[in-house]
There are 2 protein chains.
Amino acid sequence: MKKSFISWEIYYYPYKLETGEMITIDNEEAHHIIRVMRHKVGDKIKLTDGRGFEYEGIIKKIFYKEKKLTIEILKKEFLPREPNVEITLASSPLKGENTEIMLSKAVELGIRIFQPVYFKNTVAKISENKLKRLVKVAVSSLKTCAGTILPQVAKPLFFQDLIKGFSSYDEVLLAYEDSETKLSTVLNKKGNKILLIIGPEGGFAEEEIKIATQKGAKLFSLGKRRLRSETAAIVALSLILYEFNNI
Amino acid sequence: MKKSFISWEIYYYPYKLETGEMITIDNEEAHHIIRVMRHKVGDKIKLTDGRGFEYEGIIKKIFYKEKKLTIEILKKEFLPREPNVEITLASSPLKGENTEIMLSKAVELGIRIFQPVYFKNTVAKISENKLKRLVKVAVSSLKTCAGTILPQVAKPLFFQDLIKGFSSYDEVLLAYEDSETKLSTVLNKKGNKILLIIGPEGGFAEEEIKIATQKGAKLFSLGKRRLRSETAAIVALSLILYEFNNI
């Protein structure tokens, strides 16, 4: 299907559904459907459960005062548009809105897990509220790109704990500002489970690079220029997807 | 030089300088040097003229009340850290802050010219004020990435007029959402002057694609997913730089 024919409008409903099922929506999505898009009874809309399924539903009733509506599910289709390489983006939280910008674009590009990591030079923290906000950013970005698999926004880990999980990935890649190695020369492409590590604004500590390398991480370069962390994440994701022929 | 040793602090002074010259700074940069970074007389700072030169200067006098300072230039060096492929990013203006986000990241990646273009489906406009704001964004981003060549922020063009200039580029590349062609298969890499075209939020009009192709633009894909325009620009720039071994 040509991308220009994919519906630009898709709503998130976080449960698996069956054809014929009747559901009620009464959250922000309901507001968007009724008030912003001004849908009427009888209109057909698309939904995704964030687990790879896309549904077509028809609006049966609208309760304007209560801002809710009921929808009957007409069609169910497994339609993942995610890359076949499964990338976990492990990044330091960034200052200001930069974590949101990074996550938003990483979801567009189809990461599976966003893992905030506290490095030695990390300054920003991820509060419970920030975590909730990041989940909202992920949902909103998934709808923008008409994706159907919602990436998991994981709770923050310390770098030492991230390292313990290296063995569950086929490749661990670390974008290092002092590396001069092109990504293509370190990729083995034998598996499709990738961990991509992006450091904090202040850079990695030397001992972090040492231990990550010892534990099997491969360092690679993002060029001669100094990139902001959120830019580095988007560039690195682009190159990995390109190498795996998903772009 | 390792990137981690590049000074994070560099100021923009838009004129060519000579060793021994004495200059006065009295704009926002002065505020940043005196108030934010709290430099004192005798401190050495770095400057760039945005034309490839990096200067070392020593602060000779500070006029706190007038928020200005004088600097003697001690050293002058031609230090371009820009990619050798010269990319013009021709993009539709985008809604909200997205033009700024796109430009900021494109400057980090080392574009030479930012050319706003009005397409049939373009909604946002570039006012005189917006243009001034974009120049500021470019300067700020250049300092962040320690670049020394300030990209030109050009006045907006209509798409028809952009086409007339195709022949002055070695390659014209257009990121098209309905293309399935991988970038590597259309690049000839015979020259290093590239025009990259990124469309508006609503997509290209069919006749725009038709005429651009007739005039020699090569269409390429950014993958199966729908990307926001500013994301598309960053991804496309990453891939071009990767193909030209600048990343």
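The values are calculated or read from the model by the stated rules, or taken from the named source; none is laboratory data. Just so you know, these numbers come straight off a predicted model, no measurement behind them. Heads up, the Cβs are rebuilt from the backbone with ideal geometry, glycines too, and the neighbour counts pull from every protein chain shown. Surface accessibility is based on the protein's heavy atoms, side chains included, excluding ligands, DNA and RNA. Shrake-Rupley method; radii C 1.70, N 1.55, O 1.52, S 1.80 Å.
In a simple Cβ point-charge model (Lys, Arg +1; Asp, Glu -1; nothing else charged), chain A has a dipole of about 480 debye relative to its Cα centre. Could you work out the relative contact order of chain B? I mean the mean sequence separation of Cα pairs under 8 Å and 6+ apart, divided by the number of residues, in percent. Rounded, it is 19 percent for chain B. Within the protein assembly as shown, antiparallel bridges make up roughly 45 percent of the DSSP beta bridges whose residues both belong there. Could you check how much of the accessible area of the stretch A:86-243 is carbon and sulfur, as a whole percent, using a 1.4 Å probe? Its accessible area is 51 percent carbon and sulfur atoms. Take residue A:245, push a point 7 Å out from Cα through the beta-carbon direction, and compare it with the same point in every other copy: 2.5 nm, smallest first. Comparing the full protein assembly with the isolated chain (1.4 Å probe, heavy atoms, ligands and nucleic acids excluded), the residues of the stretch B:99-130 losing at least 30 square angstrom of accessible area are B:101, B:105, B:108, B:109. Considering protein heavy atoms only and a 1.4 Å probe radius, which residues within the stretch A:207-230 exhibit an accessible-area decrease of no less than 50 Å² in the full assembly relative to the chain by itself? Checking the loss per residue gives A:224, A:225, A:226, A:228. The same position residue A:66 in the other copies lies at 7.2 nm from this copy, comparing label points 7 Å beyond Cα toward the beta-carbon, shortest first.
Angle between the Cα long axis of helix B:229-243 and the longest principal axis of chain B, 0 to 90 degrees, nearest 10? Relative to chain B, helix B:229-243 is tipped by roughly 80 degrees. Highest mean packing first, where packing is the average number of other Cβ atoms within 10 Å per residue, the peptides A:73-79, B:197-203, B:103-109 line up as B:103-109, B:197-203, A:73-79. In a simple Cβ point-charge model (Lys, Arg +1; Asp, Glu -1; nothing else charged), the protein assembly as shown has a dipole of about 560 debye relative to its Cα centre. Working value for chain A: equivalent-ellipsoid semi-axes of 38, 19, 15 Å, each the square root of 5 times a Cα gyration tensor eigenvalue, largest first. What a 1.4 Å probe finds exposed on the stretch B:3-78 is 51% carbon and sulfur by accessible area, rounded to a whole percent. Annotation: amide H-H contacts under 5 Å for residue A:43 (H modelled 1.01 Å from N, sequence separation of 5 or more, or interchain): A:59.
Considering only chain B, the C-beta nearest to the rotation axis that sends B to A is found at B:238, 2, the distance in whole Å. Seen through its C-alpha gyration tensor, with square-root eigenvalues sorted a ≥ b ≥ c, the stretch A:104-204 comes out oblate because a/c lies at 1.5 or above while a/b is not bigger than b/c.
Please quote Rg/Rh for the stretch A:3-78 to two decimal places, taking the Kirkwood radius as Rh and restricting both calculations to Cα atoms. With Rh from the inverse mean 1/r over Cα pairs, Rg/Rh is 0.94. Per residue, the accessible area of the stretch A:91-217 comes to 43 Å² when a 1.4 Å probe rolls over the protein heavy atoms. Once the convex hull of all Cα atoms in the stretch B:44-118 is built, its volume per residue stands at 129 Å³. Under the rule a/c < 1.5 gives rounded, and otherwise a/b versus b/c splits prolate from oblate, where does the stretch B:187-230 land using the Cα gyration tensor? Verdict is oblate for the stretch B:187-230. Counting Cβ atoms of other protein chains within 10 Å of each residue's Cβ and taking the mean over peptide B:231-238 gives 6.
Counting 0.36 nm for each residue step from residue A:36 to residue A:185 and taking away their Cα separation leaves a gain of 48.8 nm. Where q = 0.07, 0.09 Å⁻¹, what log10 of I(q)/I(0) comes from the Debye formula for the protein assembly as shown, counting one point per Cα? With no solvent term, the Cα-only Debye profile gives -0.42, -0.69.
Give me the percent relative contact order of the stretch B:11-108, please, defined on Cα pairs under 8 angstrom at least 6 residues apart. For the stretch B:11-108, the relative contact order is 28 percent.
Heavy-atom accessible area buried between chains B and A is around 4500 Å² (1.4 Å probe, both sides summed).
The string of couplings for the stretch B:178-184 from the Karplus curve (6.51, -1.76, 1.60, θ = phi - 60°) is 9, 7, 10, 8, 6, 3, 4 Hz, one whole number per residue in order, with x for Gly and Pro. Stokes-Einstein diffusion for the stretch A:17-155 at 4 °C, viscosity 1.567 mPa s, with a Kirkwood radius from C-alpha pairs, works out to 79 µm²/s.
The other copies place their residue B:21 label points at 7.0 nm from this one, listed shortest first, where each point is 7 Å from Cα along Cα→Cβ. Amide H contacts under 5 Å for residue A:91: A:115, A:117, A:198, restricted to partners 5 or more places along the chain or on a different chain, H placed in the peptide plane at 1.01 Å from N.
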